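Bear in mind that the values in this text are calculations on the coordinates, not laboratory data. Given the structure is predicted, the values throughout are model-derived calculations rather than measurements. Don't worry about glycine lacking a Cβ; one is built from the backbone with ideal geometry, like all the others, and counts go over all protein chains shown.
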Amino acid sequence: MKIKQQSKVAFESKNKTTQVKEDVIKYMLIAASTISVLTTFGILFSILFEAIEFFKLKSFIYFLTGTEWSPGVENSKFGAVPIFAGTFIITIIAMFVALPIGIFSAVYMSEYASSSVRSKVKPLLEILAGIPTVVYGFFAAITVAPLIVKVCEFIGLEASFNSALASGIVMGIMIIPVISSLSDDVISSVPDSLRKGSLALGLTMAETIKSVVLPAASPGIIAACLLGVSKALGETMIVVMAAGLRPNLTFNILEDMTTVTVRIVDALVGDQAFNSPATLSAFALGLALFVVTLILNIISVYFIRKFKEKYKVNSL
Amino acid sequence: MKNKNNPFYDPSLKKRHASAKRFKFFAISSLVIAISFLVFFISDMLQKGLPALQQSYIQVEISYNQKSIDSPRSAIDRSLRRVVSRAEIRQIPRKIENNPQLMNTTKFEWILADDQVDQYVKGNYYKLKNKDKKKIDELKKQGRVELKFNSIFFTNGDSKIPEFAGIKSALIGSILTLLVTIMVSFPIGVMTAIYLEEFAQDNKFTQMIEVNINNLAAIPSILFGLLGLAIFINLFGLPRSSALVGGLTLALMTLPIIIVTARAALRSVPDSIRQAGYGLGLTKIQVVRDHVLPLAFPGIMTGTIIGLAQAMGETAPLIIVGMIAFIPDSPTSITEAATVMPAQIFTWAGMPERAYIEKTAMGILTLLTVLISLNTIAVYLRKKFETKW
């Protein structure tokens, strides 16, 4: 009787310590998972607070609408329009390269290629995605930019060695795998019944793809494009190494332009005091970048979810 | 004639087939374009970088005596002073100090050539006086100029003298930084994945974390640099340009990758394993710790290595936290100023001397080799330990 009770007590107390231990571990796990949330808020607030400091010193309206950016001088002006324009134009050039190549590659891989070809080609494209951006930057500055200058000379145009075209093209190459890989996943998960139905009606393969598969996959493809745009906007090394520093409000893609990320880097590697407007302007630009990429990301998540719900896919 | 009787005859069929062919051609050619970009890029890097594997050496007579300690330049014949590396001349007094027997001797030795001479020997663009050029041609005829394997590149740190610059300090800096990254991001990432996959109920808190992780993965890397600058350096007062700050910043960036892959690995462990554990009276933690986690571990490792490879190539946030300093000596602790391989590539790419172009390309080849081997290890691990349930 006594022995039985003892063992029961021992069992219960062991249970209790296990219980406590389990709770401790569980709370540690919860604490770990809040770190990712803290990081996002950390980024948001660290940028926001410094940006507010900046807007105390300089006008917010002029930042959004002004066309003159002159940080280093006395009576400095911070009108970010030429910087936004440069970022926008380089992004457009990049998308001109990446969109057609990325989507058509995805179409070929998911619709035409045999599985053995696909399994060989996909890793190759992934290499393109794994190359560090600083390497692309060197490639843009040393190989592509002089090539463009030479070609332009040949046809009688004048191009800058820091032309927006060079960084745009190389950025486009960098984004190809972003778009092709997600588009490939999306196109592959369009139900086969749609294809078979269309082919049975006598449409050719190309017509099936154009009028059935791609429209069905369009939310996913739009999401891929938005991700590509957000990647292009935030890309730093290529433009730091190959694009210009001078805020230049122009539509001539052979001239030098600057981007948000270039100005952020430029403002923060200098020797100015940390709370000077020139340094703080980096955080104002960072805030703009954060807001725009966040919105693009939210929209792209929305499109992906729409696609998943429509075709009941879970693998994306 | 035949077509007239065919009820399915479509006069536009030919056109449609042609357009189908065109479409397929477009698709295949864009893929070919994408891949030829890759080929062009890699061959361009090889062509620019491989010459840096070799470095010109010149055989000269060095006289070790008191005079050459006081003024190292006088140790070498006047006509040769400008064609050998300044770094080698500077080292002469130290050589005597390390090896006193050398005192008052004269020796024929192979020493590094100047970077312009090196470029001339390799047939690139060079800037040399005619006098020096003639001297080199003369030495060449005597067999006193030679291209040797450039071991300096792998054993030296950065230097303002191009022929003397190497990647070692950056490599050590990269390793230290990645050590910090993995020590922080691996436990936190895996713990988060375990919580989300095994414990969390589907409530607002969990959803918020999930949305957050998605967002974190899409935030431009440069903004992580701003976070590192504002929080780690300005708020916590950690040393600027140190591997500690760089590693912490990169850890936050790799976190989403590790969480996503670790969750996928945990999800792929079948529920029957968990049920069997519970059936034997194990607690939840015991089931996860002793059964689910070991089974998911290869998948988690693969994800971690891929995340690390990405962190290794990252430059922008590290520039913001100041890791582009000039670091000639390898850092020995994580609080010392350090630089990393991509940042070193960036610094070299901005140097005016032409000799740095091949150094940069060689640095890129080294970095790519490391990255490709990391990814190969990841693929190998995945293949080797993959369990089909």
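How far is helix B:293-312 tilted off the main Cα axis of chain B, in degrees rounded to 10, range 0 to 90?
Around 40 degrees separate the two axes.
Relative contact order, percent, of chain B when contacts are C-alpha pairs under 8 Å separated by at least 6 residues?
On the way: 534 pairs, mean separation 75.5, N = 389.
Across chain B, relative contact order equals 19 percent.
Starting from the coordinates of the alpha-carbon atoms of chain B, obtain the Kirkwood hydrodynamic radius over all distinct pairs and give the value in Å to one decimal.
Details: mean 1/r = 0.0389 Å⁻¹.
Its Kirkwood hydrodynamic radius stands at 25.7 Å.
Between their Cα atoms, which of B:K67/B:K141; A:K122/A:K310; A:K122/B:K24; B:K131/B:K359; B:K95/B:K168 are more than 29 Å away from each other?
Pairs exceeding 29 Å: B:K67/B:K141.
Hey, in the GNM for chain A with a 10 angstrom Cα cutoff, which one of A:F154, A:F49, A:F303 fluctuates hardest?
Of A:F154, A:F49, A:F303, the Gaussian network model singles out A:F154 as fluctuating most.
From largest to smallest, what semi-axes in whole angstrom does the stretch A:12-68 give when each is the square root of 5 times an eigenvalue of its alpha carbon gyration tensor?
On the way: eigenvalues 510, 14, 5 Å².
Whole-Å semi-axes of the equivalent ellipsoid: 51, 8, 5.
Which FRET efficiency value, to the nearest 0.05, do you get for B:K14 and B:S43 by plugging their Cβ-Cβ distance into 1/(1 + (r/R0)^6) with R0 = 51 Å?
Numbers: r = 42 Å, r/R0 = 0.81.
Step by step, r from the Cβ atoms, then E = 0.75.
Using a simple spin-label model with points 7 Å from Cα along the Cα→Cβ vector, what separation in nm is obtained for B:N214 and A:S276?
Distance between label points: 4.3 nm.
Rounded to two decimal places and with Rh computed the Kirkwood way over Cα pairs, what is Rg over Rh for the stretch B:59-172? Present the calculation step by step, with values, prior to reporting the outcome.
Details: Rg = 14.7 Å, Rh = 15.1 Å.
A ratio of 0.98.
A:F49 label point, 7 Å along Cα→Cβ, cut-off 20 Å on backbone N: hits in the stretch A:258-295?
A:268, A:273-291
Could you tell me the center-to-center distance, by alpha carbons, between the stretch B:75-135 and the stretch A:12-47 in angstrom?
Between the Cα centres of the stretch B:75-135 and the stretch A:12-47 lies a distance of 62 Å.
What is the distance in Å between the Cα centroid of the stretch B:252-331 and that of the stretch A:265-316?
Spelled out, the Cα-based centre of one part sits 24 Å from the other.
Can you work out D for the protein assembly as shown in µm² s⁻¹ from Stokes-Einstein, where Rh is the Kirkwood radius over C-alpha pairs, the temperature is 10 °C and the viscosity is 1.306 mPa s? Before the final figure, lay out each step's value.
Values: Rh = 28.8 Å.
The estimated diffusion coefficient comes to 55 µm²/s.
Work out which helices of chain A, taken as complete DSSP H runs, extend at least 27 Å along their axis over the Cα atoms and score a mean Kyte-Doolittle of 0.5 or more, then list them. Intermediate results must be reported in sequence, preceding the final value.
Values: long enough: A:2-57 (80 Å, 0.38); A:81-107 (38 Å, 2.30); A:164-188 (35 Å, 1.65); A:214-234 (29 Å, 1.43); A:277-311 (51 Å, 1.17).
Those that pass (Cα extent of 27 Å or more, hydropathy at least 0.5) are A:81-107, A:164-188, A:214-234, A:277-311.
What's the FRET efficiency of B:I175 with B:K141 using the Cβ-Cβ distance as r and R₀ = 60 Å, to the nearest 0.05? Walk me through the numbers before you get to the answer.
Working: r = 45 Å, r/R0 = 0.75.
Result of the calculation: an efficiency of 0.85.
In µm²/s, what is D for the stretch B:168-385 at 10 °C and 1.306 mPa s, where D = kT/(6 pi eta Rh) by Stokes-Einstein and Rh is the Kirkwood radius from Cα pairs?
Values: Rh = 18.7 Å.
Roughly 85 µm²/s, to the nearest whole number.
If the cut-off is 19 Å between C-alpha atoms, which lysines fall inside it for B:K135, apart from same-chain ones fewer than 8 positions away?
B:K122, B:K127
So which residue, out of A:A32, A:A282, A:A98, gets the largest mean-square fluctuation from a GNM of chain A using Cα contacts under 10 Å as springs?
A:A32
For B:A337 and B:S74, FRET efficiency with R0 = 51 Å and r from the beta-carbon atoms, rounded to 0.05?
Working: r = 36 Å, r/R0 = 0.70.
Given R0 = 51 Å and the Cβ-Cβ separation, E is 0.90.
At q = 0.10, 0.11 Å⁻¹, what is the log10 ratio I(q)/I(0) for the stretch A:69-311, with the Debye formula run over Cα points and no solvent?
Result of the Debye calculation: -0.56, -0.66.
So between B:N99 and B:N203, what do we pick up on full extension, going 0.36 nm a residue minus the alpha carbon distance?
Full extension from B:N99 to B:N203 adds 30.1 nm.
Running a GNM on chain B with Cα contacts under 10 Å, which residue among B:L368, B:L112, B:L280 ends up with the highest mean-square fluctuation?
Checking each option, the largest mean-square fluctuation is seen for B:L280.
What is the stretch A:69-311's relative contact order, in percent, from Cα pairs under 8 angstrom and six or more apart in sequence? Don't skip to the end; give the middle numbers.
Working: 339 pairs, mean separation 67.3, N = 243.
Reported relative contact order: 28 percent.
With label points built 7 Å along Cα→Cβ from the Cα atoms of B:Q66 and A:K196, find their separation and express it in nm.
Result for the modelled spin labels: 9.9 nm.
Measure nothing but the geometry: give the 0 to 90° angle between the long axis through the Cα atoms of B:13-49 and the longest principal axis through the Cα atoms of chain B, rounded to 10°.
The angle comes out near 40 degrees.
Sequence gap at least 6, Cα distance under 8 Å: using those rules, report the relative contact order of the stretch B:168-385 to the nearest whole percent.
Values: 296 pairs, mean separation 68.7, N = 218.
After rounding, I find 32 percent.
Would you kindly compute the Cα radius of gyration of the stretch B:6-96 and its largest Cα-Cα separation (Dmax), both in Å?
33.0, 106
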